[in-house]
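Below is one structure, written out as structure tokens, with a few remarks after it.
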Amino acid sequence: KNISLNIDKVLGTVSKKQILDQETKANNCIATLHNGDGKGNDFLGWLHLPSSITDEELTDIENTANILREKCEVVVAVGIGGSYLGTKAVVDALNNSFDFLLKERKNPILLYAGQNIGEDYLYELTEILKDKQFGIINISKSGTTTEPALAFRILKKQLEDAVGKEEAKTRIVAITDKSKGALRTLATKEGYKTFIIPDNVGGRFSVLTPVGLLPIAVAGISIRELVAGAVSMEKKTGIEVPFEENLSAVYAAVRNELYKSGKSIEILANFHPKLHYIGEWWKQLYGESEGKDNKGIFPAAVDLTTDLHSMGQWIQEGERTIFETVISIESPDHRVEIPADDADLDGLNFLAGKRVDEVNKMAELGTQLAHVDGGVPNIKITLPAVNAYYIGQLFYFFEKACGISGYMLGVNPFDQPGVEAYKKNMFALLNKPGYEKESEAIKAKL
Ligand code: PA5
């Protein structure tokens with residue numbers, strides 16, 4: 001089985017012909033990606049990444065993960081954006097939702113830092129680590145990002161104070177550029193085990209490099225299955241695959257047609273709370289890739305049915321500028337049957353004996369029909385189950401579609417110049433050496 005795509009419920013807004021007419025454009029964009037002659041072509045390393053990961057690389061990652069797994073009750077993955085979201089997405093989707101309460105643990109608890117600058121967050125994290133055996137995976141491609149650098153500085157000191165400098169070195173792994181950046185310099189000086197993030201793989205496309213694979217392996221998840229899923233999708237979305245069979249090309253074409261028809265917001269919806277961070281990962285992938293040159297679909301995400309009780313009204317009857325992409329799960333992992341109740345005070349005995357998933361599926365179908373009736377076209381992506389293989393497929397499907405879609409839109413999907421603006425202001429406000437002129441200018445504005 002494989003993940004699948006159903007676009008029937010967009011056809012009230014854009015026609016089959018409109019979509020099919022995109023074939024040549026989509027195929028040209030795929031050719032541009034594969035020939036490497038389009039915008040941002042120095043960041044195409046993700047394209048053949050799954051099929052080029054070697055057994056040795058995976059073994060090295062697994063061995064390093066095993067060292068951390070043996071030594072540590074808690075491993076803190078330090079990173080932000082593309083150096084964080086892919087791991088969080090996989091681990092949350094595949095681990096027990098109440099993992100932190102499990103008494104019999106097979107895996108260390110994975111915590112995160114460097115994805116914010118919240119002082120209380122860092123205080124509480126350092127407090128909770130006080131009586132724990134912990135290790136750190138410090139992830140930064142540039143090696144200079146403020147949020148993770150700040151968190152790492154604090155955690156490194158805590159670890160060295162707790163176990164001594166020599167032991168700390170065995171519990172710290174750095175994942176960064178092969179030669180550039182402060183983290184590379186630090187790792188070389190301290191002698192940490194390191195992994196390289198390839199130059200030609202941007203942050204938001206890096207989940208299948210050690211950036212994602214090491215912490216995911218630490219969490220006890222099969223990185224081989226994850227990669228195998230991505231390899232299969234790399235083949236299924238290859239240049240030789242006809243347009244209508246190429247899920248990534250069709251998704252890219254459909255969302256661009258919807259965008260042209262005035263649908264400028266895409267909400268990625270799930271009906272399983274474990275998939276929340278898949279939505280966060282996807283938002284970064286599409287938001288950073290397409291939101292530029294005053295263009296781009298705004299990517300939002302909702303957890304359903306939860307958010308039907310908060311965002312449902314807007315989706316159903318607000319400004320008609322949205323379309324919805326649902327990630328649907330064919331079979332959940334576990335069964336829970338609804339019990340009969342003699343008193344039936346809640347009136348739910350008509351559901352007795354049914355699985356909770358039957359109710360969830362009808363909520364999903366009912367929502368789809370209601371939203372389509374309300375003018376919200378619906379794309380459905382179905383995963384046969386939630387496992388590492390299908391998530392690997394899903395990741396690559398979205399990455400490939402993002403590259404195609406960005407080129408169809410006419411932007412460079414592989415840069416993110418806008419991310420620098422807040423950093424410049426923050427450094428100016430903090431009087432960072434070298435920012436004297438900017439400091440003066442920004443203070444004059446206050
Ligand atoms: O997509 C991107 O490039 C960014 O979101 C980065 O992933 C993020 O800023 C983290 O960068 P770095 O890994 O260099 O610390």
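Only helices (runs of 4 or more DSSP H) whose full extent lies in segment 139-201 are considered here, and the ones with at least 1 residues that are under 13 Å from V211 (Cβ atoms) are 146-163, 182-190.
Taken together, the residues in segment 139-178 that are within 11 Å of the ligand (Cβ to nearest atom), open to solvent by 30 Å² or more (accessible area, probe 1.4 Å) and of a type in the set (A, V, I, L, M, F, W, C) amount to 1. Residues of segment 246-272 that are assigned to a loop (DSSP other than H, G, I, E, B) and under 19 Å from E399 (Cβ atoms): N246 alone.
Of the residues P198, P242, the single one that is within 16 Å of the ligand (Cβ to nearest atom), over 15 Å from V78 (Cβ atoms), surrounded by fewer than 24 Cβ atoms within 10 Å (Cβ to Cβ) and not basic (K, R) is P198. Scanning segment 99-129 for residues that are at pLDDT 95 or above, of a type outside the set (S, T, Y) and open to solvent by 80 Å² or more (accessible area, probe 1.4 Å) yields I117, E119, D120, E124, I128.
So that you can scan it fast, the table gives a plain yes or no per residue for (1) out of contact with any Cys (no Cβ under 8 Å at 6 or more places or on another chain); (2) loosely packed, with under 15 Cβ neighbours inside 10 Å; (3) at pLDDT 95 or above; (4) over 28 Å from E280 (Cα atoms):
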site	(1), (2), (3), (4)
T24	yes, yes, yes, yes
N27	yes, no, yes, yes
D37	yes, yes, yes, yes
F43	yes, no, yes, no
S52	yes, yes, yes, no
E62	yes, no, yes, no
I67	yes, no, yes, yes
V78	yes, no, yes, no
Y84	yes, no, yes, no
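Any residue at all in segment 2-12 that is under 27 Å from the mean Cα position of the chain (by Cα), under 18 Å from L285 (Cβ atoms) and touching a residue at least 12 places away in the same chain (Cβ under 8 Å)? Yes, segment 2-12 has at least one match. Only residues that are surrounded by 12 or more Cβ atoms within 10 Å (Cβ to Cβ) and farther than 15 Å from A401 by Cα were counted across segment 13-22, and they come to 6. In segment 366-394, the residues that are free of Cβ contacts under 8 Å to residues at least 12 places away in the same chain form no Cβ pair under 8 Å with any partner that is part of a helix (DSSP H, G or I) and surrounded by fewer than 16 Cβ atoms within 10 Å (Cβ to Cβ), whether six or more places apart or across chains.
Looking at segment 296-333, which of the residues that are assigned to a helix (DSSP H, G or I) and touching a residue at least 60 places away in the same chain (Cβ under 8 Å) is most open to solvent (accessible area, probe 1.4 Å)? My answer is Q316.
The values are calculated or read from the model by the stated rules, or taken from the named source; none is laboratory data. Please read all numbers here as calculations on a predicted model, not as lab measurements. Note that each Cβ is placed from the backbone with ideal geometry, even for glycine, and that neighbours are counted across all protein chains shown. Surface areas here come from the heavy atoms of the whole protein model, side chains and all, with no ligands, DNA or RNA. Shrake-Rupley method; radii C 1.70, N 1.55, O 1.52, S 1.80 Å.
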